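Remarks on the structure that follows.
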Amino acid sequence: MEQLWQLPIDRTHEIAGSAGGLAFVGGAGDFDAAGAIRHPGDLAAQLAGTLDNVDAALAVEGCSLADAVRIKLFYSVDAGMDAWQIIAAIQRRVGAAPAPAITANPVPMQPFEGQLVQVQAIASKGWRKSADVRVVEDDVPQAVRGLFERAKVTRGLRAGEFFSIPGRTAADADDAVAGDGIAQTHVIMGRLTDTAHALGCTLQDAIKKEGYYFGTDMQQWASMAAVRASYFREPAAVATVVPAHRLHPEGAVTKVEVLGYRESWNGFDKYIPREDSWPKRVWDWPIPVPYRQGSRLRGAIWTGGQVPFEVGFNGGRAAYPGDLVRQTRFTMRYVEDILGGFGKTSADLGLLVCYFTSDGKEATTRRFLDAVADCVAGPLPPITCVAQPHMHSPEMTVEIWGVARG
């Protein structure tokens, strides 16, 4: 097949993957077949080009943009568009209602020179024709309704068994936010709980929880982490929570989203048991939380965000403190350990999502991706690379999670 587009790297990589009936695109940008940005300096044009590339990548897996259940993007701040403008543009491009669950995260830097946006997608072929489609929608704030052809935003979407609740902040109907991180976390978790219930689900059905918080040390993480954890019971989802450096709207200090599965059986909604992998070698959290490290369900393996904590320990100490390349290789071994618990390897990955400390230079991204590629058996899977000014602490430089065919 002719190369449709590629990342500007020398390592072989896939632009689309699959696992358990889902199709994945990770970190698509406005790249051409040679990996060059087609519209430098123009966020609106890059967004349009990126969505074209997502559509082309999904076609490899027999899907289209209209099959997307969840779209997540990282866009550059101060580049001419805010979150509402971006969400409206995506909904127009998808061109079908209900819209996918969309999470738009502002970021201070991108992985590659000239890049202003990267988009990740999860699709389920033909879900719009399913007999079981459920959606929770909200009106968009009055101030931005003129941007939308249909002034609704998807707060939760269930397409058959799979559901997505996009990133939520504590913003009210007018996009205003009040309270500290603890108060905002309670508001968010209450909203996620209510949305899940409206979809016929609970948070216990979540397979993956992702979150963002403002903070520069593990203590700031721990205070909000304890609140989030109180809304789950063991065994809960696999989880990834990383520092945020920008959030929309102003005043938001944390954001949380979930993905999950729930089946309908004889007219009732039922929890689906999942298999677990947590090798003794793999670290534990420094505070008690109910999350797992690896879960297999419906032919897909989901890993928690792996970090370079010391082996088999819950003290929160980093191995190879501050060393991006060594910590990346060390962390990828944890991913391999978890997949190994299911008899799988990194060659089975259909998606990798990576957060790493960067100085904002493309050379750092390339160095990071070389370290990841050295640990993958085969081409790099579809990969999202979120460059960060800092991670949880100066000693920790990376967090990586993935989805594999199981």
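The values are calculated or read from the model by the stated rules, or taken from the named source; none is laboratory data. Note that the structure is predicted; figures quoted are calculated from it, not measured. Please note: Cβ atoms are built from the backbone with ideal geometry, for glycine as well, and neighbour counts cover all protein chains shown.
See the values below:
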| quantity | calculated |
| --- | --- |
| Residue count, the stretch 59-100 (criterion: among the basic types (Lys, Arg) and over 25 Å from Asp175 (Cα atoms)) | 0 |
| Answer from Gly167, Gly200 - the residue that is in contact with an Asp or Glu (Cβ under 8 Å, 6 or more places away or on another chain), on the phi > 0 side of the Ramachandran plot and touching a residue at least 24 places away in the same chain (Cβ under 8 Å) | Gly200 |
| The lone exception for Ala57 - which of (1) among the small types (Gly, Ala, Ser); (2) in contact with a His (Cβ under 9 Å, 6 or more places away or on another chain); (3) farther than 23 Å from Pro108 by Cβ it fails | (2) |
| Flag for Arg262 being touching a Cys at 6+ places or on another chain (Cβ under 7 Å), closer than 27 Å to Ile122 by Cα and surrounded by 15 or more Cβ atoms within 10 Å (Cβ to Cβ) | yes |
| Odd one out for Asp78, checked against (1) assigned to a loop (DSSP other than H, G, I, E, B); (2) without any contact (Cβ under 8 Å) to a residue 40 or more places away in the chain; (3) under 19 Å from the mean Cα position of the chain (by Cα) | (3) |
| Test: Met224 is among the hydrophobic types (A, V, I, L, M, F, W, C), farther than 18 Å from Val307 by Cα and touching a Gly at 6+ places or on another chain (Cβ under 9 Å) | yes |
| Odd one out for Phe330, checked against (1) over 19 Å from the mean Cα position of the chain (by Cα); (2) farther than 20 Å from Lys280 by Cβ; (3) without any contact (Cβ under 8 Å) to a residue 60 or more places away in the chain; (4) not in a loop (DSSP other than H, G, I, E, B) | (2) |
| Selection status of Val144, hydrophobic (A, V, I, L, M, F, W, C), within 19 Å of Lys209 (Cα to Cα) and not assigned by TED's automatic domain parsing to the domain that holds Arg93 | no |
| Arg70 being among the basic types (Lys, Arg) and part of a strand (DSSP E or B) | yes |
| Evaluation of Gly215 against (1) outside any loop (DSSP other than H, G, I, E, B); (2) in contact with a strand residue (DSSP E or B) (Cβ under 6 Å, 6 or more places away or on another chain); (3) modelled with pLDDT under 95 (one fails), failing number | (1) |
| Residue identified as in contact (Cβ under 8 Å) with a residue 60 or more places away in the chain and either under 30 Å from Ser223 (Cβ atoms) or not hydroxyl-bearing (Ser, Thr, Tyr) (or both) among Arg134, Arg155, Arg145 | Arg134 |
| Positions within the stretch 387-399 being assigned to a strand (DSSP E or B), closer than 24 Å to Arg317 by Cβ and at pLDDT 95 or above, in sequence order | Gln388, Met396, Val398, Glu399 |
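Condition check ((1) in contact (Cβ under 8 Å) with a residue 12 or more places away in the chain; (2) assigned to a helix (DSSP H, G or I); (3) surrounded by fewer than 23 Cβ atoms within 10 Å (Cβ to Cβ)) across all residues:
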residue: Gln6; (1), (2), (3): yes, no, yes
residue: Gly27; (1), (2), (3): yes, no, no
residue: Ala33; (1), (2), (3): yes, no, yes
residue: Ala57; (1), (2), (3): yes, yes, no
residue: Gly62; (1), (2), (3): yes, no, yes
residue: Phe74; (1), (2), (3): yes, no, no
residue: Gln91; (1), (2), (3): yes, yes, no
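Conditions tested, residue by residue: (1) buried (at least 18 other Cβ atoms within 10 Å of the Cβ); (2) outside the structural domain of Leu22 (by TED's automatic domain parsing); (3) within 23 Å of Glu113 (Cβ to Cβ); (4) touching a residue at least 24 places away in the same chain (Cβ under 8 Å).
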| position | (1), (2), (3), (4) |
| --- | --- |
| Leu352 | yes, yes, yes, yes |
| Gly360 | no, yes, yes, yes |
| Thr364 | no, yes, yes, yes |
| Arg367 | no, yes, yes, yes |
| Val372 | yes, yes, yes, yes |
| Thr384 | yes, yes, yes, yes |
| Ala387 | yes, yes, yes, yes |
| Ser393 | yes, yes, no, yes |
| Gly402 | yes, yes, no, yes |
